[in-house]
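S.K.: Here it is, the structure, as structure tokens.
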Amino acid sequence: IDLLTADMIKQLCALLNQPPRELENEQDIRFLIRDLQKAGDAVKQSTVTIAENIELSAQHQMLNLEELKLLSKGFDFGTHGLKHEPLTQSLDPLAELNMARQQLSDMTGLPLPLSMSFPHGQCNEELIQKALEAGYEQIFTGIECHNSLQTRQHSLFGRFNINQAMLEDKNGRLLPELLALHLFRRPVKTL
């Protein structure tokens, strides 16, 4: 939130033909991002110009390149899209799948990753085939299910989101029984 100036927020709202709004928490930002994602390509391109004015400092990065390389010694990485927009909206999803894979390999110095997760969980049969064509072997969809352990040449997995509010009491403490109930209600599938 503190990376966006009031002027930037005003510009983003103007692009959406909305009155300026206060961004006070993560949910406010998510709503603004959702609105921007629904907008046309011209609006999206204009947001790039605004975003170029955001100064990202090391304190706002989740991981820097050295930390990423250190993690790669003990963990496998997969991709999550080139621009984190749903690939269902991409004009060239195969190019995005390939570029995301190549960029991660170039950054880490490791072989091309074999796993990926569709941004926003949005996919269809055509995109799954394109991911396989790009060389991915473990593909995570947005289909809400527990995954069967059945072995295949490639693996297609479901996933589901669990947000914190679903699993805590009014004081913010985790309630394991709610997590168990939430997980218990999900089907098991082989995709």
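S.K.: Would you confirm whether any residue within the stretch 89-101 is open to solvent by 70 Å² or more (accessible area, probe 1.4 Å), assigned to a helix (DSSP H, G or I) and not polar (S, T, N, Q)?
M.R.: yes
S.K.: Which one of these is farther than 30 Å from E67 by Cα and at pLDDT 80 or above: N98, N171?
M.R.: That would be N171, the only listed residue that is farther than 30 Å from E67 by Cα and at pLDDT 80 or above.
S.K.: For the stretch 19-32, enumerate the residues that are open to solvent by 80 Å² or more (accessible area, probe 1.4 Å) and part of a helix (DSSP H, G or I).
M.R.: If the condition is that a residue be open to solvent by 80 Å² or more (accessible area, probe 1.4 Å) and part of a helix (DSSP H, G or I), then E26, Q27, R30, F31 are the ones that fit.
S.K.: Out of the stretch 163-191, which residues are assigned to a loop (DSSP other than H, G, I, E, B) and loosely packed, with under 12 Cβ neighbours inside 10 Å?
M.R.: N163, D169, K170, N171, G172, R173, R185, P187
S.K.: Which of the numbered conditions does C123 fail, given that it passes all the others? Conditions: (1) open to solvent by less than 70 Å² (accessible area, probe 1.4 Å); (2) more than 26 Å from L36 (Cβ to Cβ); (3) part of a loop (DSSP other than H, G, I, E, B).
M.R.: The single condition C123 does not satisfy is (2).
S.K.: Would you mind telling me which numbered condition in (1) open to solvent by less than 80 Å² (accessible area, probe 1.4 Å); (2) within 22 Å of R34 (Cα to Cα) M62 fails?
M.R.: Here M62 clears every test but (1).
S.K.: Counting only residues that are more than 9 Å from F118 (Cα to Cα) and not in a loop (DSSP other than H, G, I, E, B), how many does the stretch 69-87 have?
M.R.: Here the count works out to 3.
S.K.: Just need a number here: residues in the stretch 110-120 that are of a type in the set (A, V, I, L, M, F, W, C) and open to solvent by less than 10 Å² (accessible area, probe 1.4 Å).
M.R.: Residues flagged as of a type in the set (A, V, I, L, M, F, W, C) and open to solvent by less than 10 Å² (accessible area, probe 1.4 Å) within the stretch 110-120 amount to 2.
S.K.: Same structure, new question: Would you check if K130 is buried (at least 16 other Cβ atoms within 10 Å of the Cβ) and of a type outside the set (A, V, I, L, M)?
M.R.: yes
S.K.: Test each condition in (1) out of contact with any Cys (no Cβ under 6 Å at 6 or more places or on another chain); (2) closer than 25 Å to S72 by Cα; (3) open to solvent by less than 60 Å² (accessible area, probe 1.4 Å); (4) not hydroxyl-bearing (S, T, Y) for H146 and report the one that comes out false.
M.R.: (2)
The values are calculated or read from the model by the stated rules, or taken from the named source; none is laboratory data. Given the structure is predicted, the values throughout are model-derived calculations rather than measurements. Please note: Cβ atoms are built from the backbone with ideal geometry, for glycine as well, and neighbour counts cover all protein chains shown. To get the accessible areas, we keep the full protein, side chains included, count just its heavy atoms, and leave off ligands, DNA and RNA. Shrake-Rupley method; radii C 1.70, N 1.55, O 1.52, S 1.80 Å.
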